[in-house]
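Written out below as structure tokens is the structure these notes cover.
The values are calculated or read from the model by the stated rules, or taken from the named source; none is laboratory data. Keep in mind that what you see is a predicted model, and the values were worked out from it rather than measured. Backbone-built Cβ (ideal geometry, glycine too); neighbour counts: all protein chains shown. For accessibility, only protein heavy atoms count, side chains too; no ligands or nucleic acids. Shrake-Rupley method; radii C 1.70, N 1.55, O 1.52, S 1.80 Å.
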Amino acid sequence: MSRHLPKKRFGQNFLSNEIIIHQIINVIHPGPQDHLIEIGPGLGAITLPLLPCVAKLDAIELDRDIIPLLSSKTMTLGNIEIHQQDALKLELQQFTSKAASLRIVGNLPYNISTPLLFHLFEQKQWIMDMHFMLQKEVGLRLSAHPGSKQYGRLSVMAQYHCQIEALLEVPPHAFTPAPKVDSLFIRLQPIQPSLLAHNIVKLDEVVKTAFSQRRKTLHNALKKIISREQLISLDIDPNKRAEELTVDNFVKISNIF
């Protein structure tokens, strides 16, 4: 079998550390009824151990050259279908008609991780849970709490849709080739928000505007959107900064419109 060289344009960093792979399989905890969607299976580092444990695995791989290698490795291990497809155009409804029935896993290329997460949030009704390897910085932003320097737009929008848990820190030497940054393996569990946004686009607009000028008070950052009096009526201190607000605070502001 020919050797596949990682392609920089696809952001390929193949997981190669067996101890880390074993830990990842343990935290995913695959079951015999599970239908998995794996994004970016690469050479099958987690595909191979996952496949015999689940009912079905659909692998989404953009790199045409890698598919024959992955296919030959997995053909006798279980029920797998490999799709040559851009994950950013993935429509989960093609795989299921049952709500909360898909488990999504993947070692995500750093350059598409944030837009891909937003794409999946829009389809969360089909998702049971998601487990992703991400750049550590992105993972920390996703799971950050109000008041921390990592807390920002990504934190608020992700936590509106999901409960997020950082599971494993992964060093560069666990990959081939080794990236220049640490990685973080995280779990995202879709939730029903405690306060529902009337318009998710408006929520994102409010959050983006508030964090675009982090040092400003809410009153100054959002003065074109909401008045000081309106903030006070929502029981939100207009002198606070965006990083001090909870997800529900942002939802309350967006729901005024």
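The number of residues in the stretch 72-109 that are in contact with a helix residue (DSSP H, G or I) (Cβ under 9 Å, 6 or more places away or on another chain), among the hydrophobic types (A, V, I, L, M, F, W, C), open to solvent by 20 Å² or more (accessible area, probe 1.4 Å) and free of Cβ contacts under 8 Å to residues at least 60 places away in the same chain comes to 5. Listed by first and then second residue, the pairs with beta-carbon distance under 6 Å, at least 6 apart or on different chains, first residue in the stretch 38-56 and of a type outside the set (Val, Ile, Thr), second open to solvent by 50 Å² or more (accessible area, probe 1.4 Å), are GLY44/LYS73; LEU51/LEU77; PRO52/LEU77; ALA55/GLN33; LYS56/ASN79. So for the stretch 226-246 (the condition being open to solvent by less than 20 Å² (accessible area, probe 1.4 Å), closer than 19 Å to THR114 by Cβ and either over 21 Å from the mean Cα position of the chain (by Cα) or not acidic (Asp, Glu) (or both)), does at least one residue qualify? Yes, the stretch 226-246 has at least one match.
Table: residues versus (1) in contact with a Phe, Trp or Tyr (Cβ under 9 Å, 6 or more places away or on another chain); (2) of a type in the set (S, T, N, Q).
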position	(1), (2)
GLN23	yes, yes
PRO30	no, no
THR47	no, yes
LYS56	yes, no
ILE60	no, no
PRO68	no, no
LYS73	no, no
ILE82	no, no
LYS98	yes, no
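For THR209, are the conditions met, namely being closer than 15 Å to SER155 by Cα, open to solvent by 20 Å² or more (accessible area, probe 1.4 Å), β-branched (Val, Ile, Thr) and touching a residue at least 12 places away in the same chain (Cβ under 8 Å)? Criteria met by THR209.
Kindly indicate whether LYS180 is out of contact with any strand residue (DSSP E or B) (no Cβ under 9 Å at 6 or more places or on another chain) and farther than 27 Å from LYS124 by Cα.
In short, yes.
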